[in-house]
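Structure record follows, encoded as structure tokens.
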Amino acid sequence: MTSVRQLRKSALSHPAAVEQDGTTTHGVTAFTVEDAQFAAVDAGGVLHLHLSAKVGADMIAAHHAAEELSGSDTSVTVCVPLNELDGQQLNYWVRQAWLFCAPNELAARARAAETAVPGEVGDLPKTIGRPATQALVTAGMESLDQVAQLSEAELSAMHGVGPKAVRILRETLESTGREFRH
């Protein structure tokens, strides 16, 4: 069983995802990427996801309470009560919706990040771990020079970049005479 708070965290963990202004006044909370809505939850707690037709069919097959609200040959909106999904399922389906709606370049970077291996991406240190490496690659950062253009707060706000990775990146930057942006 998941909540709107968990949906918000999941949706906003993706690059360029934003919560639409003013949508909560009508009992709907919606999330967009580059002005394309990929997820929303209505006042009744029903999650609406904009998915490819194939992924939508997969979701409907996987969840007995899921149903197609609208669709075409290429896309569908699938609805499912938010409380019918656990956290992992929520994260998976929200990511699928984000990937479908994100601009091609952004989605391609996110897909490439899934296979990023710590220590094999530019000069990023291996010790930051897989989640931090993947978060940086998704954000289009593959070098310490790019990381140095961020503040610690911006880096910490990235889903997958924890305090240990921030500390390692800070120490690595300092060892080469660089620092985070202030």
**Item:** Leading residue by the ranking (surrounded by the most Cβ atoms within 10 Å (Cβ to Cβ)) among those in the stretch 29-78 that are within 19 Å of Gln6 (Cβ to Cβ) and hydroxyl-bearing (Ser, Thr, Tyr)
**Value:** Thr32
**Item:** Lys164 free of Cβ contacts under 8 Å to residues at least 12 places away in the same chain and of a type outside the set (Gly, Ala, Ser)
**Value:** no
**Item:** Out of Ala153, Ala165, Ala157, Ala148, sole residue that is more than 18 Å from Gly119 (Cβ to Cβ) and either touching a helix residue (DSSP H, G or I) at 6+ places or on another chain (Cβ under 9 Å) or at pLDDT 95 or above (or both)
**Value:** Ala148
**Asked** Residue check, Gln88 against (1) touching a residue at least 60 places away in the same chain (Cβ under 8 Å); (2) closer than 20 Å to Arg111 by Cα; (3) of a type outside the set (A, V, I, L, M), all met but one. Which one?
**Response** (1)
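Residue-by-condition table, conditions (1) touching a helix residue (DSSP H, G or I) at 6+ places or on another chain (Cβ under 9 Å); (2) under 30 Å from Val166 (Cβ atoms):
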{"residue": "Ala57", "(1), (2)": "no, no"}
{"residue": "Ala65", "(1), (2)": "yes, no"}
{"residue": "Thr77", "(1), (2)": "yes, no"}
{"residue": "Asn83", "(1), (2)": "no, no"}
{"residue": "Gln89", "(1), (2)": "yes, yes"}
{"residue": "Ala97", "(1), (2)": "yes, yes"}
{"residue": "Arg111", "(1), (2)": "yes, yes"}
{"residue": "Val121", "(1), (2)": "yes, yes"}
{"residue": "Pro131", "(1), (2)": "yes, yes"}
**Asked** Residue check: is Leu169 touching a Leu at 6+ places or on another chain (Cβ under 8 Å), assigned to a helix (DSSP H, G or I) and outside the structural domain of Ser13 (by TED's automatic domain parsing)?
**Response** yes
**Prompt:** Would the stretch 93-113 turn up any residue that is in contact (Cβ under 8 Å) with a residue 60 or more places away in the chain and among the charged types (D, E, K, R)?
**Reply:** yes
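Here is a yes/no grid of residues against (1) within 28 Å of Gly140 (Cα to Cα); (2) in contact (Cβ under 8 Å) with a residue 24 or more places away in the chain; (3) in a loop (DSSP other than H, G, I, E, B); (4) of a type in the set (Ser, Thr, Tyr):
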position: Arg5; (1), (2), (3), (4): yes, no, no, no
position: Arg8; (1), (2), (3), (4): yes, no, no, no
position: His14; (1), (2), (3), (4): yes, yes, yes, no
position: Val18; (1), (2), (3), (4): yes, no, no, no
position: Ala30; (1), (2), (3), (4): yes, no, no, no
position: Ala43; (1), (2), (3), (4): no, no, yes, no
position: His48; (1), (2), (3), (4): no, yes, no, no
position: Val55; (1), (2), (3), (4): yes, yes, no, no
position: Ala61; (1), (2), (3), (4): no, no, no, no
**Request:** Could you please find all residues in the stretch 144-182 being of a type in the set (Lys, Arg) and more than 15 Å from Gly122 (Cβ to Cβ)?
**Result:** Lys164, Arg167, Arg170, Arg181
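Would you list the helices (runs of 4 or more DSSP H) that sit entirely within the stretch 64-159 and hold 2 or more residues that are under 18 Å from the mean Cα position of the chain (by Cα) and closer than 20 Å to Glu174 by Cβ?
Correct list: 129-138, 152-156.
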**Prompt:** Can Gly122 be described as free of Cβ contacts under 8 Å to residues at least 60 places away in the same chain and on the phi > 0 side of the Ramachandran plot?
**Reply:** yes
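Regarding the stretch 117-127, can at least one residue be identified that is of a type in the set (Val, Ile, Thr) and surrounded by 18 or more Cβ atoms within 10 Å (Cβ to Cβ)?
Yes.
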**Message:** Could you check the stretch 133-182 and list, in sequence order, the residues that are farther than 29 Å from Ala11 by Cβ and surrounded by fewer than 16 Cβ atoms within 10 Å (Cβ to Cβ)?
**Reply:** Asp145, Glu171, Glu174, Ser175, Thr176, Gly177, Arg178, Glu179, His182
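The values are calculated or read from the model by the stated rules, or taken from the named source; none is laboratory data. What you are looking at is a predicted structure, and each value in this text was computed from that prediction instead of being measured. So basically every Cβ, Gly included, is an ideal-geometry build from the backbone, and we count neighbours across all protein chains shown.
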